[in-house]
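Student: Mind having a look at this structure? Questions to follow.
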Amino acid sequence: MAKEIKNRLTVRSYEVDIYGHVNNATYLNYLEFARVQALQQTGKSFVEYVKENIFIVIAQANVTFRNPAFIGNELEIVSSVAKVGRSSLVLQQDIFNRTTNKQSIAAEITIVFLNEDEKPVPVPRQIQSQLGYE
């Protein structure tokens, strides 16, 4: 079973829109932050993969917006691998608002692994191991 990797952050004033809640596009930044942190927390950073000419690219993002978050809310992003293909994996990422105890976002992110020629390469075993999906 894939492990859950959790990251927390607090909503900052510049991340909200005219309605006073977190802008929809900002959630994609939160998800990216959590993906980069997940790799660092589990042993090998995003930058190290780039140095090895393995490029981690988002191919698809399916995001369901459930409940808003506001300035000062503490959010927890939970990431886990849902599925591994030959050259891609699907990452389940959920954002929970720990201030309101409601889920803000449910997302499935499809990640593709490419070489320097932008050709698909197999999902590195180390990433599968790092993220607890073998």
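For (1) under 20 Å from residue 39 (Cβ atoms); (2) at pLDDT 95 or above, each residue gets a yes or a no:
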{"site": "98", "(1), (2)": "no, yes"}
{"site": "114", "(1), (2)": "yes, yes"}
{"site": "120", "(1), (2)": "yes, yes"}
{"site": "125", "(1), (2)": "yes, no"}
{"site": "132", "(1), (2)": "yes, no"}
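Student: Could you look through the range 67-124, keep only residues that are among the polar types (S, T, N, Q) and closer than 18 Å to residue 55 by Cβ, and pick out the one that is nearest to the chain's Cα centre (by Cα)? Reasoning before the result, please.
Tutor: Quick first cut of the range 67-124, residues among the polar types (S, T, N, Q) only: 67, 73, 79-80, 87-88, 92-93, 97, 99-101, 103-104, 110, 115.
This time we only want the ones that are closer than 18 Å to residue 55 by Cβ, so: 87-88, 110, 115.
Values: 87: 17, 88: 14, 110: 10, 115: 21 Å.
Looking at residues that are among the polar types (S, T, N, Q) and closer than 18 Å to residue 55 by Cβ, I get 110.
Student: Which one of these does residue 69 not meet: (1) in contact with a Ser or Thr (Cβ under 9 Å, 6 or more places away or on another chain); (2) under 27 Å from residue 44 (Cα atoms); (3) among the hydrophobic types (A, V, I, L, M, F, W, C)?
Tutor: For residue 69, the failing item is (2).
Student: Let me ask something else about it. Give me a count of the residues in the range 1-47 that are surrounded by 17 or more Cβ atoms within 10 Å (Cβ to Cβ), in a loop (DSSP other than H, G, I, E, B) and not small (Gly, Ala, Ser).
Tutor: 1
Student: Exactly one of (1) closer than 21 Å to residue 9 by Cβ; (2) surrounded by 16 or more Cβ atoms within 10 Å (Cβ to Cβ) is unmet by residue 64. Its number?
Tutor: (2)
Student: A follow-up question, please. Regarding the range 71-80, can at least one residue be identified that is at negative phi and surrounded by fewer than 15 Cβ atoms within 10 Å (Cβ to Cβ)? Give the derivation first.
Tutor: In the first step, residues of the range 71-80 are kept if they are at negative phi; the result is 71, 73-80.
From the residues that got through so far, the ones that are surrounded by fewer than 15 Cβ atoms within 10 Å (Cβ to Cβ) too are 71, 74.
Looking through the range 71-80, at least one residue is at negative phi and surrounded by fewer than 15 Cβ atoms within 10 Å (Cβ to Cβ).
Student: What strands (runs of 3 or more DSSP E) lie completely within the range 48-134 and have 2 or more residues being acidic (Asp, Glu) and closer than 15 Å to residue 28 by Cα? Steps first, please.
Tutor: Working: elements: 55-65, 74-84, 88-97, 102-114.
No strands (runs of 3 or more DSSP E) qualify here.
The values are calculated or read from the model by the stated rules, or taken from the named source; none is laboratory data. What you see is a predicted model; the values in this text were computed from it and never measured. Glycine gets a Cβ as well: all are built from the backbone with ideal geometry, and neighbour counts include every protein chain shown.
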